[in-house]
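All remarks here apply to the structure that follows.
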Amino acid sequence: SKFTHFQRYFQEKNPEPLVFAPFSRGIHDMAEGGCYDKIKDLDRLFEILSEAMREYDSSNASMDLVLFEDAMKHVAKICRIISNPSGHPLLVGVGGSGRQSLSRLSAYVCQCMTFTIVISSSYGLGDLKTDLQAMYRRAGVKDEGVMFLITDNQIANERFLVCFNDLLSSGEVTDLFPSEDKDTIRNQVRSHAKGLGVVDTPDNLWNFFLSQTRKNLHVSMCFSPVGDLMWSRARKFPALVNCTVIDWFQQWPVAALFNVASKFLTPVEQLGAHDNPIRAPITDFFPFTYEAINELSRSYLENERRYSYSTPKSFLESLKLYTMMLEEKVDALADKKQRLSIGLIKLRDTQEQVAGLEEELKEKAVVVQEKATKADAFADEVGREKAKVNAEAEKASIEAVKCQQIAQQVAEKKKECTRDLDAAKPLVAQAEKALDVLDKKEFNELKAFTRPPPGVDTVCEAALVLQASVDPLIDVNNKGRLKDRSWKSSVKMMNDPLRFLLNLKAFKGHIDDGAVPAYNFEEARKLIDEMGGESCLEGMKKKSQAAAGLSEWVINIIKYYDVVVTVEPKKKSLQDATETLKKANERQAQASALVQELEEMLKNLVADYDKAIEEKEAVMAEADRCQTKLQMAQRLVNALRENGVIWEQTVERTAEELIFIPGDSLVACAFASYVGVFTREYRERATEHFVSFLQERDVPLGPKPDPLATLSTEAEQARWCAKGLPRDRASLENGSIMMCSKRWSLIIDPQMQGSAWVKQKEAERLQVTRMG
């Protein structure tokens, strides 16, 4: 027969794959249109699609697909469909079968951009047309490949199907573009159309735009066969079936399930090394449970008249739940084991430290006694030295008081002397002022008198008397008194007027030095009194200006002498007091130096004492700390002695649990993923199947594998019951499934028990919405 060579593609055992695709030469050839030909074998097909998936994942969100045989054939079929103008695939299958992921991969292989809509509460027909306009412009104007990926869940309004029906049947959606937009589009495609020989008319340009759209725009519709919705829509809108190529996504074969499970479980570190003997049966368990649950669902439908669907989505969710739960359980047990092991090590270390602390405390007690004795000896010496310092300080304080009193007396006397001397200074100034008006000429006139006027000679005699024993030119007897009082002696005194004036002005200094005898002043005062005192000054001015000035000087210098004589005892007293103060200050300085020396010695002694006390207190504090630490350690050791035994047992039990946890978690995850829809009887049957399969393949399990105990603890169950969950096992299992599953829960709850529990449990963050 001429069809004999086709038998190798359809034989029952090991049929040769028959796959045609436009990417037979590789995905990079697709930019030039590709080559539609037969793929040599599945290995070549896997190589091409693996490369495409790597490139897709590098520039888009990773899909993490498992390319088993059926999946690769679906990709080849979708690529064949969208490689043709007006090629639209209708992908029919249940959730999780890979319709959307394989559509995206196929679009990438065929150089198409994937476009999908985002449904929201406000998304309507106008929004859909806006999105379609964007896709039409990209496909018809820019001549780019576009795949419009739409699922039945995204059809929020049945009127959307009117647009899809027009798009699938003719490529033109009614009233999609207003007339002004059509003119814009015609202008945009005009140059391209002319290049291809299209006559430049509005109808031709529009038809060219539609032909480009039909060539580049492809709709991939992902519908579910469950229920009557798909068939109802197909009857109302025939183009959904007539103008598409249907690709049925059947149940995954066992080989595909195994490949997917192997891909997900290979990187799981908690299963041990890659050659661990439990990896193979655990991987086999997932396809087994999927098939077993499908068989149980058929029995459930026959006996209970209830439907139960297990889709590839359920299979994938069970894998994800297992990897997550296994990681959490193993990490939690490993952490628990590590913490308890560390606790045991710490407990043994503490026991050893307690023994060491007891010995250390004995040694410190001896050191404390030595330090205490040394500190007491220092305290006695410091006390004696401190008493000595206090005695000397008291003496120094007394001397300081005495010095202060003497200093106060000296200050008062000095103040009194200064006051008296300051009062006499105007007299000297007045005497000097009287001399200042005299000059050499006037004295020459005065000494020129052979017989001076009455009084003039007396004044000169008074000046002569005052300077006796002071001026060496004035002759005095052996007693130091004036020898000759005649006018001739006076003229001799004034022989050098300038020298005479200087002697008069320096006379005050002789008085201050005590060089002028008191007798001179007594004689001079008698002479002035004979002349009438100060009353003679006016008459003297008429006789001689020099005599008048000399009279005024004599009168004032005598007054100054009287003041000096009065102050002299006070100055003597001041001098004696000053000397006394000096000696007292010397005594005080000696006492202060002694006190300072003693205080320095005391300071050093106190520093040594403080250091000794500090060492004593430090040693005592260290001893107290050791004692406290010892007591606490003893209490801790005594309190944990029994716990140490419990910890050792718990560590051993945890090590056993780490062996059992992969198998127990496997049963629990299969239970949570598949059996929630079944009644109690079917749940037990499913659990028995799971356990039997694992036991037959020597997967370690606990003594009594219980999914409920694995999925939740007794404490969690108690909290749930306190929030209103019924205490029967079925309700607790339902609660565990809801809390562990990563999928949304659909509660069939005629008695509203589950609803009441959820409302109480999630009261703080619950928002209740009523549908319809």
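Things to note:
- Counting only protein chain heavy atoms and rolling a 1.4 Å probe, the accessible areas of 764, 328, 69 rank, largest first, as 764, 328, 69.
- Spatial separation of Cα centroids for segment 691-720 and segment 322-341, in angstrom: 16 Å
- For segment 263-282 versus segment 5-63, the gap between their alpha-carbon centres in whole angstrom: 30 Å
- Electrostatic bookkeeping for residue 28 treats Lys and Arg as +1 and Asp and Glu as -1; over the other residues with beta carbon under 14 Å from its beta carbon, the sum is -3.
- Packing, taken as the mean count of other beta carbons within 10 Å per residue, orders the peptides 25-37, 449-461 from highest to lowest as 449-461, 25-37.
- Under the Karplus curve 6.51 cos²θ - 1.76 cosθ + 1.60, θ = phi - 60°, whole-Hz ³J(HN,Hα) for segment 265-273, x wherever Gly or Pro sits: 8, 4, x, 6, 6, 5, 8, x, 5
- log10 of Debye I(q)/I(0), alpha-carbon scatterers only, for segment 1-93 at 0.18, 0.22, 0.23, 0.26 Å⁻¹: -0.94, -1.25, -1.31, -1.42
- Ordering 120-130, 220-230 by mean Cβ neighbour count within 10 Å, with the highest value first, yields 220-230, 120-130.
- Radius 13 Å from Cβ of residue 181, net charge of other residues (Lys, Arg +1; Asp, Glu -1): +1
- Full-extension gain in nm, residue 366 to residue 659, via 0.36 nm per residue minus C-alpha separation: 99.9 nm
- Proximal charge balance of residue 280 [Cβ under 15 Å; K/R count +1, D/E count -1]: -1
- If you plug the beta carbon distance of residue 196 and residue 111 into 1/(1 + (r/R0)^6) with R0 = 22 Å, you get a FRET efficiency near 0.65.
- Peptide packing: for 54-67, 490-503, the average count of neighbouring Cβ atoms within 10 Å per residue gives the ranking 490-503, 54-67, highest mean first.
- Near the amide H of residue 247, within less than 5 Å, lie the amide hydrogens of 90, 91, 92, all on another chain or at least 5 residues away, with H placed in the peptide plane.
- Applying the Karplus relation 6.51 cos²θ - 1.76 cosθ + 1.60 with θ = phi - 60° to segment 73-78 yields 3J(HN,Hα) values of 5, 5, 4, 4, 5, 5 Hz, where x marks Gly and Pro.
- 3J(HN,Hα) along segment 179-191, derived from phi through the Karplus expression 6.51 cos²θ - 1.76 cosθ + 1.60 where θ = phi - 60°, amounts to 4, 5, 5, 4, 4, 4, 5, 4, 5, 5, 9, 4, 4 Hz, with x in place of Gly and Pro.
- Amide hydrogen neighbours beyond the local backbone of residue 25, cut-off 5 Å, H modeled: 35
- Dipole moment magnitude, nearest 20 debye, segment 1-155 about Cα centre, only Lys, Arg, Asp, Glu C-beta charged: 420 debye
- Amide H contacts of residue 219 (H built 1.01 Å from N, under 5 Å, at least 5 apart or other chain): 148
- Note on segment 705-772: the alpha carbon radius of gyration divided by the globular reference 2.2 N^0.38 Å gives 1.13.
The values are calculated or read from the model by the stated rules, or taken from the named source; none is laboratory data. Nothing here was measured: the structure is a model prediction, and the numbers come from that model. Methodologically, a virtual Cβ is constructed for each residue, glycine included, from the backbone with ideal geometry; neighbour enumeration extends over all protein chains shown. When the accessible area is computed, the model is the full protein with side chains, heavy atoms only, and any ligands, DNA or RNA have been set aside. Shrake-Rupley method; radii C 1.70, N 1.55, O 1.52, S 1.80 Å.
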